[in-house]
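Take a look at the structure below.
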Amino acid sequence: MSMKKTFVLTPRAVRSENILLGLGSDNTIAIPMDVMDVLYEVGNGYDEDAIRAKDVLDYIKTFPFKQLVSEEGVKQENGSRLRIVDGFYDVKIPGKGKRLKPYETRILQVCLGLKEQREEVVLISRNIPLRLRAESLGIHAEEFRDELLPELNEQYKARMVLEIPKEKIDYFRANRELSQREVQAELEGKQLYENMFVFLKDGSQSIISCYREGKFHPLEYFSCKPFGVKPLNMGQNMMIEALMQPWEVAPLVIIKGSAGTAKTFLSLACGLEQVIERRLYKEILYTRSVQEMDKEMGYLPGDESGKIGPYLRGLQDNLKNLTNASDSKKNGFQKDGFDIKEDGKYYLETGIIVPEAINYMRGRSIKDTFIIIDEAQNLTPLTVKSIVTRVGENTKIVLLGDPSQIDKRDLNVRNNGLSYASEKMKGKLDCFQVTLTEKESVRSPLAKLASQVL
């Protein structure tokens, strides 16, 4: 019979979603008192870390303090025990040097102290050096596995190639649909998900389809040129299909791909097409995650637009390219003497496109809006959840990013908001997803070469 475990948590591990109830029903979760001190300090802020710290503290305050600090702790709703641990100040940490923070020393002292009491201790931490130091002291250390997604190459791609006989492709072309039952033998155990893009192929020919509710369908927007933009490859056709679907069909779109695959460019084109030409939404709300912007917004001078202005160069570049690349009647269009073909500032100045900092989107219920969230791989799962769950009526939300290019500390390819949303929403009828390949990049040959060899 396996020994019950005592999981000791670090400050950041405590703020992991569901961790207090996610470590087994017969184990104990121990939080060192010094970790509680750190949580109180973090909770004085206004960023996401502070919000999560406050949530954890509010939960802990629901239990009687005397029971929390007892050796037995308190019983949680799933049957596990939760306790706040102090003491063990006389436990020696061999060779600790000057690199450990005071609360990290206390965490290790608590772990060793509990081990001396014959408890099976596991330190849960995202801090790799701290985990290594713990292992060197004989303390087993792990990352919180419940948060970890599959490795990058195993994450959901939302696309598939399916080899089928020519006569079935001919049937699909003629009837504009094909039942899954008709290709069950060819699937050979392959998993289909709702809204997956499937290339039906027979050696000599191939046609793209979208799988939905048991049938393969042709793309509804294959011939669409949103805001005058013509797709250059199949990846862009798939993006347009997802982005142009009405919000009732696809309120959430997730697009993953490396730089140069035109994620932002096509999202803006489809958004402008639906706001200006089709009048389906009142505006485009554009936001992006930038490490410096997320952390330092409160310290920058000026109002919100002034604070986020320096981080909108990519948006402005895409608007400039879009308004000059369009081959539709929008080229040369005049509005109050302003030629929108010049640099796209017209859309920002008239409020057709509204830039907004990601920090200001929490807690809002947004309606009648086409929302673009760029660089979503730099958001935490909690931030993505808090935004997507507040979307109102007649609103479409688009998450863009590259899970292999993460700039935010404590996030990685197996723990970030973009991959989290993709994995959790795969197969859901309300979500369309597109994963673009390197071959579908429209960067210059030099840029492609540099990305491979530098």
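The values are calculated or read from the model by the stated rules, or taken from the named source; none is laboratory data. Note that the coordinates shown come from a computational prediction; the quantities given were computed from them, not determined experimentally. Cβ coordinates were reconstructed from backbone atoms using ideal geometry, including for glycine residues, and neighbour counts include every protein chain displayed. Ligands, DNA and RNA are stripped out before the accessible areas are found, and what is left, the full protein with its side chains, is counted by its heavy atoms. Shrake-Rupley method; radii C 1.70, N 1.55, O 1.52, S 1.80 Å.
Worth a mention:
- Charge dipole (debye, nearest 20) of the chain; +1 at Cβ of Lys and Arg, -1 at Cβ of Asp and Glu: 300
- For the residues 217, 140, a 1.4 Å probe over the protein chains yields an accessible-area ranking, largest first, of 140, 217.
- Considering only the chain, percent of DSSP beta bridges that pair antiparallel, nearest 5: 25
- Filtered GluC sites (Glu not before Pro), the stretch 187-249: DSSP coil and at most 11 other beta carbons within 10 Å: 188, 213, 248
- Only Lys, Arg (+1) and Asp, Glu (-1) charged, at Cβ; the stretch 20-139 dipole about Cα centre in debye: 420
- Model label sites at residue 428 and residue 67, defined 7 Å from Cα along the beta-carbon direction, differ in position by 3.5 nm.
- FRET efficiency for the residue 442 to residue 50 pair, using the beta carbon distance and R₀ = 35 Å, is estimated at 0.30.
- Each peptide in 200-210, 383-393 receives the mean, over its residues, of other Cβ atoms within 10 Å, and ordering these scores from highest gives 383-393, 200-210.
- Taken over the stretch 28-109, lysine pairs spaced eight or more positions apart, or on distinct chains, with alpha carbons under 24 Å apart number 6.
- Base-10 log of normalised Debye intensity for the chain (one unit scatterer per alpha-carbon) at q = 0.11, 0.12, 0.14 Å⁻¹: -0.96, -1.07, -1.26
- The stretch 167-211: relative contact order as a whole-number percent, Cα under 8 Å and 6+ apart: 31
- Surface composition of the stretch 350-454: carbon plus sulfur atoms contribute 54% of the solvent-accessible area (1.4 Å probe, protein chains only, all chains present).
- Portion, in percent, of the accessible area of the stretch 96-252 that falls on carbon or sulfur, probe 1.4 Å: 49
- Normalised per residue, the accessible area of the chain is 49 Å², obtained with a 1.4 Å probe and no contribution from ligands, DNA or RNA.
- Theoretical ellipticity at 222 nm over the chain - DSSP helices of four or more residues, -39500 (n - 2.57) apiece, nearest 500: -9000 deg cm²/dmol
- Global geometry of the stretch 368-408, whether rounded, prolate or oblate, following the gyration tensor of its Cα atoms and the 1.5 cut on a/c: oblate
- The residue list 192, 397, 445 was ranked by how far each Cα lies along the charge dipole of the chain toward its positive end, using unit charges on Cβ atoms, and 445 comes out on top.
- Computed from backbone phi with θ = phi - 60° and the Karplus coefficients 6.51, -1.76 and 1.60, the 3J(HN,Hα) list for the stretch 258-274 is 6, 4, x, 8, 6, 4, 5, 4, 6, 5, 5, 4, 5, x, 5, 4, 7 Hz; x is used for glycine and proline.
- Surface calculation, 1.4 Å probe, protein heavy atoms: residue 83 sits at approximately 20 Å² accessible.
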